[in-house]
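Novice: Pasting a structure here, questions to come.
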Amino acid sequence: MDPTSLEYSEVVSTDGRSELWYMKAIPTGSICLLCHGQDIDADVQKALTRLYPQDQATGFSPGDIRGAFTVTRPLNGKGE
């Protein structure tokens with residue numbers, strides 16, 4: 001499946017109110033691989049290690065899912 005087409009939505013009830021919940025996958029693009037890929041430039045890796053010592057978000061390939069955008073929107077009292 002093409003990760004750019006991965007999305008999901010549903011209407012949920014939160015504290016008695018209807019909300020629309022929407023999620024869309026964030027696939028890894030070529031620009032992302034400069035910092036999150038498998039072959040990171042030594043200077044970039046050094047900076048990443050200094051700035052984000054606990055970071056483990058590397059080793060990705062083009063098209064891998066890196067996360068998701070989510071949006072929650074309240075709906076009116078009629079669920080519309």
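The values are calculated or read from the model by the stated rules, or taken from the named source; none is laboratory data. Given the structure is predicted, the values throughout are model-derived calculations rather than measurements. Cβ atoms come from the backbone with ideal geometry, glycine included; neighbour counts cover every protein chain shown. Note: areas computed on protein heavy atoms with side chains; ligands, DNA, RNA excluded. Shrake-Rupley method; radii C 1.70, N 1.55, O 1.52, S 1.80 Å.
Novice: Can you pull out every residue in the range 1-36 that is open to solvent by less than 80 Å² (accessible area, probe 1.4 Å) and among the β-branched types (Val, Ile, Thr)?
Specialist: Result: THR4, VAL12, THR14, ILE26, THR28.
Novice: Here's something else I'd like to know. Quick one: in the range 9-35, of everything that is of a type outside the set (Gly, Ala, Ser) and under 13 Å from the mean Cα position of the chain (by Cα), which residue is farthest from GLY63 (Cα to Cα)? Outline the logic, then answer.
Specialist: Within the range 9-35, the first condition is being of a type outside the set (Gly, Ala, Ser), and the residues that meet it are 10-12, 14-15, 17, 19-24, 26-28, 31-35.
Then drop every residue that is not under 13 Å from the mean Cα position of the chain (by Cα), which leaves 22-24, 26-28, 32.
Numbers: TYR22: 21, MET23: 17, LYS24: 14, ILE26: 9, PRO27: 5, THR28: 5, CYS32: 10 Å.
Filtering the range 9-35 for residues that are of a type outside the set (Gly, Ala, Ser) and under 13 Å from the mean Cα position of the chain (by Cα), the one farthest from GLY63 (Cα to Cα) comes out as TYR22.
Novice: Next up: So which residues in the range 41-59 are among the hydrophobic types (A, V, I, L, M, F, W, C) and at pLDDT 95 or above, if there are any at all?
Specialist: Step one: of the range 41-59, the residues among the hydrophobic types (A, V, I, L, M, F, W, C) are 42, 44, 47-48, 51, 57.
The answer is ALA42, VAL44, ALA47, LEU48, LEU51.
Novice: Write out, first by first residue and then by second, each pair whose Cβ atoms fall under 8 Å of each other, whose residues are 6+ apart or on separate chains, and whose first residue, in the range 27-40, is under 10 Å from ASP64 (Cβ atoms) while the second is of a type in the set (Lys, Arg) and open to solvent by 50 Å² or more (accessible area, probe 1.4 Å).
Specialist: These pairs meet every condition: PRO27/ARG66; THR28/ARG66; CYS32/ARG66; HIS36/ARG66.
Novice: Step by step: first the residues of the range 60-80, then only those that are modelled with pLDDT of 90 or more and assigned to a loop (DSSP other than H, G, I, E, B), then the one that is nearest to the chain's Cα centre (by Cα). Which residue is that?
Specialist: ASP64
Novice: While we're looking at this one, here's another question. Restricting to the range 40-58, give me the number of residues that are out of contact with any helix residue (DSSP H, G or I) (no Cβ under 8 Å at 6 or more places or on another chain), assigned to a loop (DSSP other than H, G, I, E, B) and of a type outside the set (Phe, Trp, Tyr). Full working, then the answer.
Specialist: Filtering the range 40-58 for residues out of contact with any helix residue (DSSP H, G or I) (no Cβ under 8 Å at 6 or more places or on another chain) gives 42-43, 45-47, 49-54, 56.
Now narrow it down to the ones that are assigned to a loop (DSSP other than H, G, I, E, B): 52-54, 56.
Filter again for of a type outside the set (Phe, Trp, Tyr), leaving 53-54, 56.
Residues meeting the conditions: 3.
Novice: Would you mention how many residues in the range 16-43 are within 23 Å of ASN76 (Cα to Cα) and touching a Lys or Arg at 6+ places or on another chain (Cβ under 9 Å)?
Specialist: Kept after step one, since they are within 23 Å of ASN76 (Cα to Cα), are these residues of the range 16-43: 16-23.
Restricting the remaining residues to those that are touching a Lys or Arg at 6+ places or on another chain (Cβ under 9 Å) gives 18-22.
Summing the residues that are within 23 Å of ASN76 (Cα to Cα) and touching a Lys or Arg at 6+ places or on another chain (Cβ under 9 Å) in the range 16-43 gives 5.
Novice: Name every residue in the range 37-80 that is among the small types (Gly, Ala, Ser) and either loosely packed, with under 10 Cβ neighbours inside 10 Å or closer than 21 Å to ALA25 by Cα (or both), in order of residue number. Can you show your working first?
Specialist: Restricting attention to the range 37-80, the residues satisfying the condition of being among the small types (Gly, Ala, Ser) are 37, 42, 47, 57, 59, 61, 63, 67-68, 77, 79.
Result: GLY37, ALA42, ALA57, GLY59, SER61, GLY63, GLY67, ALA68, GLY77.
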